[in-house]
Amino acid sequence: MSDGVVIVGGGPAGLMAAEAAASRGVRVDVYERMGSVGRKFLLAGKGGLNLTHSDPRGRFDARYGARQAEVGRWLDAFDADALRGWAAALGVETFVGSSGRVFPSDLKAAPLLRAWLRRLRAGGVAFHVHHRWLGWHADGALRFAAPAGEVAVSGAATVLALGGGSWPVLGSDGAWLPLLRARGVATADLAPANCGFDVDWSTHFAERHAGAPLKPVTVFWRDADDVEQHLQGECVVTAGGIEGSLIYAISATLREQVAAHGHARIALDLAPGRSEERLARDLARPRNGRSLAELLRRQAGIGGVKAGLLRECLDAAGLADPQRLAAAIKRLPIVLRRPRPLAEAISTAGGVRFDALREDLMLSALPGTFCAGEMIDWEAPTGGYLLTASFASGRIAGAGAADWAQVRERA
């Protein structure tokens with residue numbers, strides 16, 4: 001039993017909610033489905049923890065797309081600079097990388113998490129692992145499946161920080177969605193965000209080039225207003241399609257296009273920095289017995305998977321025509337059939353709708369119950385934006401829950 005705040009979920013949003021609530025002098029208990037907290041946080045830091053981003057606020061907020069106004073209000077209370085200061089207070093200094101992304105000086109997530117958990121425990125936060133949330137009893141108590149059997153937990157306030165539906169092996173499986181809907185909470189279906197897409201590659205191409213990086217390339221796509229946009233970066237060919245940071249950055253738009261039209265179209269510039277005219281001129285030079293592969297390598301700097309893509313998308317006549325070949329190098333069309341499954345996505349779109357929440361992130365339909373993190377209906381590209389908003393929402397929800405609990409306990 002608890003007469004303070006109960007946090008359900010031990011990811012970044014839940015832990016930040018615990019910190020915010022405990023700092024207000026209330027008892028805090030964190031319940032986590034897995035055997036330890038912060039598992040997805042540790043996975044995110046496996047290749048170097050991208051904690052936040054150095055974008056100025058206007059550009060930073062814009063990364064949240066249709067939800068930039070709502071998420072911007074979270075960031076007003078706890079933005080990227082505040083997050084870096086928070087990490088520094090835990091003894092973790094940060095630096096800005098060449099891409100503008102912000103990392104711990106040692107690039108690792110584990111030291112930050114360990115220092116954070118020490119501070120939380122010192123502040124009185126109690127942790128209960130291997131507790132899977134099952135919903136509510138008729139009297140309002142929270143139900144948990146625990147190693148010794150089902151237990152009931154009551155608190156003056158609750159923060160749900162249950163994540164989305166991506167990477168369910170780490171604990172976020174979206175099982176909370178029907179539980180909230182049954183209690184009258186307005187939600188949007190979960191969908192993959194920061195995800196790859198299926199492409200109908202030929203067997204030969206897939207077997208030969210799966211896993212090959214495409215870099216540098218420029219992707220062209222049309223936004224929601226049918227205006228062409230472009231972005232340069234890197235992506236990866238997979239056995240069934242295409243993924244990577246360049247695709248993740250525009251996955252929300254592509255996902256919506258697939259939903260509306262049954263497919264999405266992009267085009268790739270395989271030779272950024274070279275004009276179509278120059279390519280056509282260079283490719284028209286006499287081969288002198290050289291193969292097409294040698295011609296592409298010598299005259300266009302194209303080989304490997306890029307050459308494979310040209311063979312995948314052009315017929316023999318197109319490959320033999322310098323003008324058509326140059327045009328394809330600069331605008332190679334690719335049809336995306338569907339997003340990869342939710343379980344494979346880096347993050348999740350959908351969840352608890354903003355109109356179901358008050359500004360303090362309490363559910364209007366369930367007074368005393370607050371939400372935080374990825375289970376709310378917002379999304380952002382990778383680059384530190386996901387973590388920053390999760391931390392910021394956790395602080396708001398935890399503070400709101402503590403205030404609610406204190407009012408209830410005084411009544």
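Bear in mind these aren't lab numbers, they're just calculated from the coordinates by the rules spelled out. Bear in mind that the values here come from a model prediction, so they are computed numbers and not experimental data. So basically every Cβ, Gly included, is an ideal-geometry build from the backbone, and we count neighbours across all protein chains shown.
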Check: From a point 7 Å beyond the Cα of E344 in the direction of its Cβ, which residues of the stretch 201-222 have a backbone N at a distance under 18 Å?
Finding: 201-214
Item checked: Antiparallel bridges, percent of DSSP beta bridges restricted to the chain (to nearest 5) -> 75
Item checked: Charge dipole magnitude, Cβ of K and R +1, D and E -1 - the chain, Cα centre, debye nearest 20 -> 1040
Check: In debye to the nearest 20, how big a dipole does the stretch 197-339 give about its Cα centre with +1 on each Lys and Arg Cβ and -1 on each Asp and Glu Cβ?
Finding: 660
Next item on the list: Go ahead and estimate [θ] at 222 nm for the chain from helices alone: -39,500 (n - 2.57) per DSSP H run with n ≥ 4, summed, over the residue count, rounded to 500.
Entry: -10500 deg cm²/dmol
Next item on the list: Pull out the extension gain between R353 and R410, defined as 0.36 nm times the separation in residues minus the alpha carbon to alpha carbon distance; nm, one decimal.
Entry: 17.4 nm
Check: Rounded to the nearest 0.05, what FRET efficiency is calculated for A126 and S99 with R0 set to 35 Å and r the Cβ-Cβ distance?
Finding: 0.35
Check: Remind me, relative contact order of the chain in percent, using alpha carbon pairs under 8 angstrom and six or more residues apart?
Finding: 25
Checklist line | Given charges at beta-carbon only (K, R positive; D, E negative), |dipole| of the stretch 266-411 in Debye | finding: 980
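Counting other Cβ atoms within 10 Å, which GluC sites (Glu not before Pro) in the stretch 263-368 have at most 14 and lie in a DSSP loop? List each step's numbers first, then the result.
Working: sites: E276, E277, E294, E312, E344, E359; in loops: E359.
Loop-located and lightly packed - E359.
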Next item on the list: Between A138 and S364, take the C-beta separation as r, use R0 = 30 Å, and let me know the FRET efficiency to the nearest 0.05.
Entry: 0.90
Next item on the list: Determine the gain in length on full extension of the stretch D315-S275; use 0.36 nm per residue of separation and subtract their C-alpha separation, reporting nm with one decimal.
Entry: 12.2 nm
Item checked: Efficiency of FRET from Cβ geometry, L107 and R208, R₀ 30 Å, rounded to 0.05 -> 0.35
Next item on the list: Report, ordered by chain and residue number, the aspartates and glutamates lying within cross-link reach of K108, taken as a straight Cα distance under 15 Å and ignoring same-chain residues fewer than 8 apart.
Entry: E93
